[in-house]
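All remarks here apply to the structure that follows.
The values are calculated or read from the model by the stated rules, or taken from the named source; none is laboratory data. The shown structure was predicted, so the numbers you read here are calculated from the model rather than taken from an experiment. No Cβ is skipped: glycine too gets one built from the backbone with ideal geometry, and neighbour counts run over all protein chains shown. For the accessible areas, the whole protein counts, side chains as well, though only heavy atoms, and no ligand, DNA or RNA atoms are used. Shrake-Rupley method; radii C 1.70, N 1.55, O 1.52, S 1.80 Å.
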Amino acid sequence: MSLDVPTALLERAERGEIDDADFVECVRTSLPYAYEVVSRVAADLHSGTAEYADNLIPPPDEVSRGQLLRAMASDAIRGGLERHFNVKLAFQNCHRVAAFPLAAVGGDTYSTFISTRAQLLNQSPELRNC
């Protein structure tokens, strides 16, 4: 299960009354490691001048790795985080999360980062089973 959904939030979802803030709070408390990684790369992006910011630090344990994979694999979770932090997220391997400005989508840097070539070049034996 990806998220620990409080009963009150589940009841509101059943009635169709969910907003992004409530959803993102559920993600933050359910997947704290994933939330922290996304929060950090988004803050790095917004505070710097680089074209993107990314996480190169592997997760400290399998629980953390699982959180990050669940967050990046879910369109709803990933989309909620993107809207909350006003970024476009990209993901490689088991831990390389990058935040891009929304305007970068379709541009050269973003397109290169998400390319099949970049995925292949970002491989290493120690990441094979991540």
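Which Cα, out of LEU69, ALA103, ALA90, lies furthest along the positive dipole direction of segment 61-105 (beta carbon charges, K/R +1, D/E -1)?
ALA103
Return one whole number: the accessible area per residue of the chain in Å², for a 1.4 Å probe. Could the numbers behind the result be given before it?
Values: 7530 Å² over 130 residues.
Heavy-atom accessible area per residue stands at 58 Å².
Taking 8 Å as the Cα distance limit and 6 or more residues as the minimum spacing, I'd like the relative contact order of the chain as a percentage. Before the final figure, lay out the partial values.
Working: 146 pairs, mean separation 30.2, N = 130.
Once normalised by length, the contact order is 23 percent.
What would the Debye equation give as log₁₀ I(q)/I(0) for segment 8-56 at q = 0.18, 0.19, 0.27, 0.33 Å⁻¹, counting only Cα atoms as equal point scatterers?
Calculated log10 I(q)/I(0) at the listed q: -0.66, -0.69, -0.94, -1.12.
Please give the length that would be gained between ALA118 and GLU62 if that part of the chain were fully extended, namely 0.36 nm times their separation in residues minus their C-alpha to C-alpha distance (nm, one decimal).
Values: separation 56, 0.36 × 56 = 20.16 nm, distance 2.47 nm.
My answer for the length gained is 17.7 nm.
For segment 54-86, list residues with backbone N below 18 Å from a point placed 7 Å from the Cα of SER47 toward its Cβ?
Correct set: 54-57, 85-86.
Note down the nm distance, to one decimal, between modelled labels 7 Å out along Cα→Cβ at SER111 and at ALA8.
4.8 nm
As a test of the formula, what do you get for the chain when each DSSP H run with n ≥ 4 contributes -39,500 (n - 2.57) and the sum is divided by the residue count, at 222 nm and rounded to the nearest 500 deg cm²/dmol?
Values: 7 runs with 71 residues, N = 130.
It lands at -16000 deg cm²/dmol.
May I ask you to give the percent of accessible area on the chain that is carbon plus sulfur, with a probe radius of 1.4 Å? Write out the running numbers ahead of the final one.
Working: 4010 of 7530 Å².
Of the solvent-accessible surface of the chain, carbon and sulfur hold 53 percent.
Just subtract the alpha-carbon distance of ASP75 and SER39 from 0.36 nm times their residue separation and send over the number in nm, one decimal.
11.2 nm
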